[in-house]
1. Could you list all residues from the range 147-194 that are hydroxyl-bearing (Ser, Thr, Tyr), in contact with a helix residue (DSSP H, G or I) (Cβ under 9 Å, 6 or more places away or on another chain) and not in a loop (DSSP other than H, G, I, E, B)?
2. Hey, can you tell me all the residues within the range 336-348 that are farther than 20 Å from residue 491 by Cα and outside any helix (DSSP H, G or I)?
3. Filter the range 123-163 for residues that are aliphatic (A, V, I, L, M), surrounded by fewer than 18 Cβ atoms within 10 Å (Cβ to Cβ) and within 29 Å of residue 216 (Cβ to Cβ) and give the result.
4. Does the range 99-118 contain any residue that is within 23 Å of residue 162 (Cβ to Cβ), acidic (Asp, Glu), surrounded by fewer than 23 Cβ atoms within 10 Å (Cβ to Cβ) and in contact with a strand residue (DSSP E or B) (Cβ under 7 Å, 6 or more places away or on another chain)?
5. When only residues in the range 231-247 that are within 16 Å of residue 262 (Cα to Cα) and polar (S, T, N, Q) count, which is surrounded by the most Cβ atoms within 10 Å (Cβ to Cβ)?
6. With the condition kept exactly as written, say whether any residue in the range 22-34 is of a type in the set (Val, Ile, Thr), crowded, with 24+ Cβ neighbours inside 10 Å and modelled with pLDDT of 75 or more.
7. Given the criteria assigned to a strand (DSSP E or B), within 21 Å of the chain's Cα centre (by Cα) and buried (at least 24 other Cβ atoms within 10 Å of the Cβ), does residue 324 qualify?
8. From 67, 61, which residue is at pLDDT 95 or above and either within 16 Å of the ligand (Cβ to nearest atom) or assigned to a strand (DSSP E or B) (or both)?
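The values are calculated or read from the model by the stated rules, or taken from the named source; none is laboratory data. Keep in mind the model is a prediction, meaning the values are calculated, not measured. No Cβ is skipped: glycine too gets one built from the backbone with ideal geometry, and neighbour counts run over all protein chains shown.
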Amino acid sequence: MKVKLRPTSLLLLVTVLCSAGVFARSQQVNITVKANEPGSILNKDIYGQFMEHLGRGIYEGIWVGEGSSIPNKDGFRLDVLNALKELQVPLLRWPGGCFADEYHWRDGIGPRESRPKTVNSNWGGVIEDNAFGTHEFFALAELLGADTYVNGNLGTGTPQEMADWLQYITSDAPTTLVQQRKANGRDKPWKLTYFAIGNEAWGCGGNMTPEFYTHLYNQWASFAKTPQDNQPIMIASGGTDDSTIWAKTLLEGVKSSWNIRMDGISHHYYTLPTGKWDVKGSATGFAEDQWFSTLEQTLKIEDYIKANVAVMDQLDPDKKVGLYVDEWGTWYDVDEGTNPGFLYQQNTLRDAILAGLNIHIFNRYADRVTMTNIAQMVNVLQAMILTDKEKMVLTPTYYAFKMHTPFQDARSVPVSLSNTPAYEFNNKSIPALSASAAISQDGNTYLSLVNTQEDSAITINLLAIKQATGWLLSSTKMDEHNTFAQPHNIEPTTFNAKVKNGKASLTIPAKSLLVLNLGKL
Ligand code: AHR
């Protein structure tokens, strides 16, 4: 993408006044958007989605089958499909997750009525009828115009099974496997953007040590062959939370060889309000202590990324290998009355604020973090969309992603905040304001702001701008959310600040996400 910079865009100075009530504790902060210092491209796949065979994430949530009474196109429910189109989903990861390491791709091809029935041993022990398989996944990606990320089965598969799957997806050669694909209704190979060898090898993917997995990666990657013109970006399963040993061991141990590629290392981090897996915290009905602790927990991801980037910068200074946060988001105690194996949770304003914070962090490391996947797209964990039979509701996280679509493939520009106001709670402190800016493909500069504070608005003075229009997502309630009975409780509202002589003054309410188009600077 070419970005033309105009002299007038050299410096955008934003003054921020932080106020509690009527300017009590008022604080002045300057934000400098350095539009003349273009940074990395924000790969659109940073805003990627994850869909696993888990609970109602795929079945009911996306796939209802052609015979369903729910309106559908080729088996994909139309309401969800249209909402995802609107969201401009850039990338889909499938089929897991933990599920990936027990998934045998041949179960999911051919006539649906003769596909085998298996048990989903990771997620609720339910029967998997394999109605959604390789053809359905790529059909969905094509309907959405999304890149594709397939996670291979290292845990219970074989290098041969994986090589066959890759051939089935990517080859145009006149082989028996390709003939089979054609007989199953797909003539041309599909475009496979990313392929991972295993998932969470340290845990559900096989409880391996980094050294053992690295040996296996060398072996399996040697046979993961695809045609020259359809080579996926190859991903090794990496660490979680604060671990850096996976990135280090992989970078030191994966051979540099003509038939082995490792283009990215995955990393997972989930945000739990309490930080504890036994009692994680509730999705709704929480008090300010868990509003604060959830945001505090989520911000830790920056340290984890920073630590991994430091290791990678040392061992891969040319930044040939990406750090892919291919699972992130909130993980709460499941909603009462739902199957604990289905990981169904409500989604509130807190999730949207948290999504904004994570997006800002990913944008800051976009030269290394070129792809991420929020977990998960529909009905599972921090979902964009919730469904209940024929009903569908869009979550605050959906709107947070929608508001950031101008950031897809945009050119990041640095934002510096001086005197960052602090949000203090119980002797702890996090930044009250977070910001990220980019020059979009349309040439306009976009500024994304998050006010993390539960009760304090922030007044901003923007200087040297052309316009300040956009979208605001906010509420007076910390756990404001949409329900099937009241699907429009929380939605973005248009925001239009008056600009006079290149200046504007505006207020970001407490607990809010604001994305502004500042015009062509
Ligand atoms: O997203 C839910 C699960 O979380 C995934 O299957 C697994 O990779 C992670 O532990």
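1. 148, 149, 168, 170, 194
2. Step one: of the range 336-348, the residues farther than 20 Å from residue 491 by Cα are 336-344.
Within the range 336-348, 336, 337, 338, 339, 343, 344 qualify.
3. Across the range 123-163, there are no qualifying residues.
4. Yes, that holds for at least one residue.
5. If we filter the range 231-247 for residues that are within 16 Å of residue 262 (Cα to Cα), which is where we start, we get 231-239, 246-247.
With the extra rule that they be polar (S, T, N, Q), the set shrinks to 231, 237.
Details: 231: 16, 237: 31.
In this case the residue turns out to be 237.
6. Yes, that holds for at least one residue.
7. Details: assigned to a strand (DSSP E or B): yes; within 21 Å of the chain's Cα centre (by Cα): yes; buried (at least 24 other Cβ atoms within 10 Å of the Cβ): yes.
It is true that residue 324 is assigned to a strand (DSSP E or B), within 21 Å of the chain's Cα centre (by Cα) and buried (at least 24 other Cβ atoms within 10 Å of the Cβ).
8. On the way: 67 fails: either within 16 Å of the ligand (Cβ to nearest atom) or assigned to a strand (DSSP E or B) (or both).
After applying the criteria, what remains is 61.
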